[in-house]
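Student: For reference, the structure I am asking about is given below.
Quick note: the coordinates plus some simple rules give every number you see, no bench work behind them. Just so we're clear, the structure is a prediction, and the values are computed from it rather than from any experiment. We place every Cβ from the backbone using ideal geometry, glycine too, and count neighbours over all the protein chains shown.
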C-alpha cells in the first residue's frame, strides 16, 4: 500500500473507536461535568473509565494530529514551512497526549 493510501486508511481507522467512546462519555456526562473534583477523580480512577479515557486520548490525539497534518500539507505551499509546521504539529500533539496520559495515570496512582 502506498504511503498516501496507508495514511488515509489510518486516519479513518483512528476515527472509528471515537464513535463508541463519545457515545459512552455522553452516558457519563453527569460525572464529567461535576463541580466536585473528588467525584470526578473517583470516576476517572475506575478501570473501565480509565481504559476508555486512555483509548480516547490516544485515538483523538492521533486523529487530530493526522487531520491537522492533512490541512498543512494541502494549504502550505512552501516545502520548508510545510516541513517545519508538520514537525511542530507532531511535537505539540505528542506533548499534549503525553501530558493527558500522565494526568490520568497520576489520578490512578494516587487513588489506589
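Student: So residue 67 fits all but one of (1) in contact (Cβ under 8 Å) with a residue 24 or more places away in the chain; (2) more than 19 Å from residue 12 (Cα to Cα); what number is the exception?
Tutor: The single condition residue 67 does not satisfy is (2).
Student: Can you find even one residue in the range 13-23 that is assigned to a helix (DSSP H, G or I), farther than 15 Å from residue 101 by Cβ and more than 16 Å from the chain's Cα centre (by Cα)?
Tutor: no
Student: Of all the residues that make up the range 1-23, how many are without any contact (Cβ under 8 Å) to a residue 12 or more places away in the chain, surrounded by 10 or more Cβ atoms within 10 Å (Cβ to Cβ) and under 16 Å from residue 66 (Cβ atoms)?
Tutor: So the answer is 6.
Student: Okay, moving on. Test residue 6 against the stated conditions and say whether it is outside any helix (DSSP H, G or I) and more than 19 Å from the chain's Cα centre (by Cα).
Tutor: No, not satisfied.
Student: Quick check on this structure: which one of 106, 60, 95 is part of a helix (DSSP H, G or I), without any contact (Cβ under 8 Å) to a residue 60 or more places away in the chain and over 28 Å from residue 12 (Cβ atoms)?
Tutor: The match here is 106.
Student: Looking at the range 56-112, which of its residues are exposed (fewer than 12 other Cβ atoms within 10 Å of the Cβ) and more than 19 Å from the chain's Cα centre (by Cα)?
Tutor: If the condition is that a residue be exposed (fewer than 12 other Cβ atoms within 10 Å of the Cβ) and more than 19 Å from the chain's Cα centre (by Cα), then 74, 75, 77, 78, 79, 80, 81, 109, 110, 112 are the ones that fit.
Student: Can you tell me how many residues within the range 24-50 are surrounded by 11 or more Cβ atoms within 10 Å (Cβ to Cβ) and assigned to a helix (DSSP H, G or I)?
Tutor: The qualifying residues number 12.
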